[in-house]
1. Being out of contact with any Pro (no Cβ under 7 Å at 6 or more places or on another chain), in a helix (DSSP H, G or I), buried (at least 20 other Cβ atoms within 10 Å of the Cβ) and touching a residue at least 40 places away in the same chain (Cβ under 8 Å) narrows it down to one of B:Gly207, B:Gly224, so name that one.
2. When you scan segment B:211-221, how many residues do you find that are more than 7 Å from chain A (Cβ to nearest Cβ) and either open to solvent by 20 Å² or more (accessible area, probe 1.4 Å) or under 13 Å from A:Ser209 (Cα atoms) (or both)?
3. Please work out which residue is nearest to the other protein chains (Cβ to nearest Cβ), limiting yourself to segment A:112-155 and to residues that are part of a loop (DSSP other than H, G, I, E, B) and closer than 18 Å to A:Glu3 by Cα.
4. Can you name the number of the only condition in (1) more than 11 Å from every other protein chain (Cβ to nearest Cβ); (2) outside any loop (DSSP other than H, G, I, E, B) that A:Ser159 fails?
5. Out of all the residues in segment A:133-156, which are over 17 Å from the mean Cα position of the chain (by Cα) and either farther than 14 Å from B:Tyr154 by Cα or of a type in the set (Ser, Thr, Tyr) (or both)?
6. Would you check if there is a residue in segment A:137-160 being of a type in the set (Asp, Glu), touching a Phe, Trp or Tyr at 6+ places or on another chain (Cβ under 6 Å) and open to solvent by 50 Å² or more (accessible area, probe 1.4 Å)?
7. Out of curiosity, is A:Lys172 more than 19 Å from the chain's Cα centre (by Cα), at pLDDT 85 or above and open to solvent by 70 Å² or more (accessible area, probe 1.4 Å)?
8. Could you tell me how many of the residues in segment A:12-40 are within 11 Å of another protein chain (Cβ to nearest Cβ) and touching a His at 6+ places or on another chain (Cβ under 9 Å)?
There are 2 protein chains.
Amino acid sequence: MPEVRIVLVGPKFEGNVGAVARAMANFDIDELYLVEPCELGDDAYRRAKHGSDVLDKAVTVHTMDEAVEGCFLVAGTSGIITHGDRNYTRLPIKIREFVQQVSGYEERIAIVFGREDVGLYQDELNKCDVFIHVPTSEKYPTLNLSHAATLVMYEFFQSGNITRRAEPADRKEKEYMLSFFDDLMDAIDYPEHRRSDTSVMFRRMMGRSIPTKYEYNTIMGIFGDASKIIKKGKKWG
Amino acid sequence: MPEVRIVLVGPKFEGNVGAVARAMANFDIDELYLVEPCELGDDAYRRAKHGSDVLDKAVTVHTMDEAVEGCFLVAGTSGIITHGDRNYTRLPIKIREFVQQVSGYEERIAIVFGREDVGLYQDELNKCDVFIHVPTSEKYPTLNLSHAATLVMYEFFQSGNITRRAEPADRKEKEYMLSFFDDLMDAIDYPEHRRSDTSVMFRRMMGRSIPTKYEYNTIMGIFGDASKIIKKGKKWG
């Protein structure tokens, strides 16, 4: 995964800067560059919450050039895209594709977000190596600044991160559990000709659900008890 | 793609509700339910921007049950997850996987977000068929409410056209089926103190598996017969 630097060019609302800082902390990204930003006061810190460290360490500069110094790739963003192929400066790559494309690098990438109202100026866009885009509604494509940044960072985080799952039951346990289901069908005198189909049906349900060891054991216990009680009842009944 | 209903339970800051409404407009989602929300005033509308229609049409209710009425699947969200497999009520599915799993349905899904500070209460989480999660930093996992909602809606928007799935059981059928599972626990004298946990566990297994109407009916029949036979046995035994 590349190192990600977030660059906000000319943000006008300190609340948005704070919200971006919070989202950065949420996705383990801590390098924030601000180009000619509004003043950052209480509202920025209030919105940053535990991302206040990110705000404290933010680097303020005067130009976009300074802000992307040291980055091997500069990706510009904008809500405004084009569908013709003439204005190649606004021909976008979808953010997810972009992240996949760069996920093998470890160098530093700058993701540049423009002003809340007018975005990046043309000369700023011209300095970007790629123009990335979050797919949105055609009716109302313009995302809030911190929402756009959150989505981009999420995609980076997502591509590098695999959550450990709770341990699934292994094959033997699973077969054992399915046999308890078969026993239960047997106990209730489930119609013979439907048993094998229903058994497969249950296997498929479990296959989609991928139960944990704990879940398997619990369900197995219930089926097992039910079968036992019914069969005992039959013996004595 | 399923129809998505966004449910905010007990939101405390009107700005967040407005920001969620804007993001909904960004992703062509327009059904917003608010459970006992804070008052919505200028700040909500200021943040909603062109999503103000969504705010105007938002339905305010008193309980989560009312808010998920008519949805075939209820997905709860929370920043707090668990890594053990015992607390299955907080065993999460990653949002991207969840969206892939349900993308073949056209029925209505409720995505439920909790309060900004404490999230969903345990009894609210227990009513969810699945528990979905946005992967975030372990150091600071708690997303802003509107950021979380934005990420979830983005994933739905991203996921394309997928083959239609077999008709899932509706909510009423599902509740009915879960009650047959409870009956079975009752019939086998399953330990009282574990019943409610095990009931939620089974709901979650079914939530992940999303059974069809046929599967539900079949399982319901087996549980029902087993309970009946056991109870009859007790009466005569």
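The values are calculated or read from the model by the stated rules, or taken from the named source; none is laboratory data. Keep in mind the model is a prediction, meaning the values are calculated, not measured. Every residue, glycine among them, receives a Cβ derived from its backbone with ideal geometry; neighbour counts consider all protein chains shown. What goes into the accessible areas is simple: the full protein's heavy atoms, side chains included, and nothing from ligands, DNA or RNA. Shrake-Rupley method; radii C 1.70, N 1.55, O 1.52, S 1.80 Å.
1. After applying the criteria, what remains is B:Gly207.
2. Matching residues across segment B:211-221 total 6.
3. Result: A:Cys128.
4. Among (1) more than 11 Å from every other protein chain (Cβ to nearest Cβ); (2) outside any loop (DSSP other than H, G, I, E, B), the lone unmet condition for A:Ser159 is (1).
5. A:Ser137, A:Lys139, A:Tyr140, A:Thr142, A:Leu145
6. no
7. It is false that A:Lys172 is more than 19 Å from the chain's Cα centre (by Cα), at pLDDT 85 or above and open to solvent by 70 Å² or more (accessible area, probe 1.4 Å).
8. Matching residues across segment A:12-40 total 5.
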